[in-house]
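One structure below.
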Amino acid sequence: IDFDLILENIKYLNLLAGEGTSQIEHTLQGARLRQPEPLPLTLYQNGIVMCNGAFRPYQDPSTQQCLQDIMDGYFPSELQPRYPDGI
């Protein structure tokens, strides 16, 4: 696992997802600015925790696919059901 590449690509993906920008959220009283909600990812020596979920060891195939997606420069494909229109 290339942690340097993962961290570099996460920075890039965060920019694509709108980090540091605000979106207009319409309310009953008008509108307000809202920042995109972050998706926490914690890297450990022996696994990851994503979106405050369960610990996932690196040996788990779904964890390997998630990290491979990030290393390839893509958002993890497992997030598609949660964000069908993209992040």
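Within the range 50-75, restricting attention to residues that are open to solvent by 40 Å² or more (accessible area, probe 1.4 Å) and hydroxyl-bearing (Ser, Thr, Tyr), the residue that is farthest from ASP4 (Cα to Cα) is SER62.
If you scan the range 23-49, which residues turn out to be more than 21 Å from GLY73 (Cα to Cα) and either open to solvent by 60 Å² or more (accessible area, probe 1.4 Å) or touching a residue at least 60 places away in the same chain (Cβ under 8 Å) (or both)?
GLN23, ILE24, HIS26, LEU28, GLN29, ALA31, ARG32, LEU33, ARG34, GLN35, GLN45, ASN46
Restricting attention to the range 52-71, the residues that are closer than 18 Å to LEU13 by Cβ, free of Cβ contacts under 8 Å to residues at least 24 places away in the same chain and either among the β-branched types (Val, Ile, Thr) or in a loop (DSSP other than H, G, I, E, B) (or both) add up to 1.
If only residues of the range 1-15 that are open to solvent by 100 Å² or more (accessible area, probe 1.4 Å) and of a type outside the set (Phe, Trp, Tyr) are counted, the one that is modelled with the lowest pLDDT is ILE1. Using the structure shown, decide if GLU78 is at negative phi, open to solvent by less than 80 Å² (accessible area, probe 1.4 Å) and charged (D, E, K, R). Considered against the rule, which asks whether it is at negative phi, open to solvent by less than 80 Å² (accessible area, probe 1.4 Å) and charged (D, E, K, R), GLU78 comes out as yes.
The values are calculated or read from the model by the stated rules, or taken from the named source; none is laboratory data. Everything numeric in this text was worked out from a predicted model, so none of it was measured. Neighbour counts are summed over all protein chains in view; Cβ atoms, including those assigned to glycine, are modelled from backbone coordinates with ideal geometry. Areas reflect the complete protein model, heavy atoms only, side chains present, ligands, DNA and RNA absent. Shrake-Rupley method; radii C 1.70, N 1.55, O 1.52, S 1.80 Å.
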